[in-house]
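This report concerns only the one structure given below.
Every read-out reported here was derived from the displayed coordinates using simple, explicitly stated rules and does not represent laboratory data. Predicted, not measured: the structure shown is a model, and the values here were computed from it. For neighbour counting, all protein chains shown are included, and Cβ atoms are generated from backbone atoms with ideal geometry for every residue, glycine included.
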Amino acid sequence: MSLACQAKGVNIPGETMIRINPNAREKSSNGTKALYLDPQQLGRFQQHITATLREKGMTINNATLTELQQINHEIRGKDLAAWIA
């Protein structure tokens, strides 16, 4: 959702509760629970998305749908808890 909102130029209101679910492997192997992001954590998460795009020579405005889907796939494979810490 965060990536899509950035792509469309939509700001997520500060009072919005963002929940990030662990993937099934993480959940079953070590009992990882969902993360709930406060506004500061959401900001750090979005900064990491922007940095990931920059590393690939892209901006959110010029990325194609296929590229955004690939970025989303890569982001889901990252340690998201470290991204928001």
- Between the range 65-85 and the range 1-63, what's the alpha-carbon centroid distance in Å? 7 Å
- Roughly speaking, what % of Cα-Cα pairs in the chain are separated by over 21 Å, rounded to a whole number? 31 percent
- Query: Against the longest alpha carbon principal axis of the chain, how many degrees, from 0 to 90 and to the nearest 10, is the axis of helix 39-55 turned?
  - Reply: 50 degrees
- Taking the Cα centre of the chain as the origin, how large is its charge dipole in debye, to the nearest 20, when only Lys and Arg (+1) and Asp and Glu (-1) carry charge on their Cβ atoms? 140 debye
- Query: Which lysines have a Cα less than 25 Å from the Cα of residue 8, not counting those fewer than 8 places away in the same chain?
  - Reply: 56, 78
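Fewest first, what order do 48, 73 take by the number of other Cβ atoms within 10 Å?
Working: 48 17, 73 9.
Arranged by neighbour count, lowest to highest, 48, 73 become 73, 48.
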- Message: For a quick check of your reading of the filter: which GluC sites (Glu not before Pro) in the chain sit in a DSSP loop and have no more than 15 other Cβ atoms within 10 Å?
- Response: 15
